[in-house]
Amino acid sequence: MKIFRGVFFLIFAALVFSAAGCAGGPPVIPDDLTPLQFFQRAQEESENANWDNAIYYYQTFLDRFPDDLENCAAAKYEIAFIRYKKGDYEKALAGFQEVVDFYDDPNLPATFLLWPKSMSLKLIKVVEAKLSPILSLPGG
């Protein structure tokens with residue numbers, strides 16, 4: 001019986017410590033991560049429905065690589081899209097609009113990546129349709 005209690009205690013302690021480790025906040029991102037690695041890790045987090053971690057990767061990318069304009073446009077789109085998937089439509093709408101506004105810069109090259117803008121324009125309409133019943137309510 002003593003052995004059973006000891007084994008049970010060890011298993012219980014291991015479960016508690018592993019659960020505490022999983023809920024330990026955002027991932028630690030190495031300083032030498034490449035842009036491609038940021039996007040790969042963010043996609044993995046997103047595929048596993050770890051939305052906050054995915055946003056954290058994209059936001060950290062934006063902070064570390066502000067001059068990588070094409071990938072910044074893609075990261076901003078991805079953040080807005082995650083917010084859309086989470087049902088946070090107001091933040092998603094603001095994020096998609098930020099992507100569209102990003103393209104207003106006249107200094108962007110003609111060959112600049114266009115899919116973030118075109119997808120954002122489409123999803124702005126979708127999000128506005130989802131928000132319109134909310135916005136038309138009295139006091140909304």
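The values are calculated or read from the model by the stated rules, or taken from the named source; none is laboratory data. Model, not experiment: these values are computed from the prediction. Neighbour counts are summed over all protein chains in view; Cβ atoms, including those assigned to glycine, are modelled from backbone coordinates with ideal geometry.
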**Message:** Could you list, ordered by first residue, the pairs with Cβ atoms under 6 Å in which the first is in the stretch 51-79 and over 19 Å from Phe96 (Cβ atoms) and the second is assigned to a loop (DSSP other than H, G, I, E, B), at least 6 apart or interchain?
**Reply:** Asn53/Pro27; Tyr56/Pro26; Thr60/Ile29
**Prompt:** Residue check: is Ser120 at pLDDT below 95, among the polar types (S, T, N, Q) and out of contact with any Leu (no Cβ under 9 Å at 6 or more places or on another chain)?
**Reply:** no
**Asked** Is there a residue being loosely packed, with under 12 Cβ neighbours inside 10 Å and outside any helix (DSSP H, G or I) anywhere in the stretch 118-135?
**Response** no
**Request:** Test each condition in (1) closer than 24 Å to Glu44 by Cα; (2) in a loop (DSSP other than H, G, I, E, B); (3) without any contact (Cβ under 8 Å) to a residue 12 or more places away in the chain for Asp105 and report the one that comes out false.
**Result:** (1)
**Request:** Residues being surrounded by fewer than 19 Cβ atoms within 10 Å (Cβ to Cβ), in a helix (DSSP H, G or I) and either in contact with a helix residue (DSSP H, G or I) (Cβ under 6 Å, 6 or more places away or on another chain) or among the small types (Gly, Ala, Ser) (or both): count how many of those fall in the stretch 42-52.
**Result:** 1
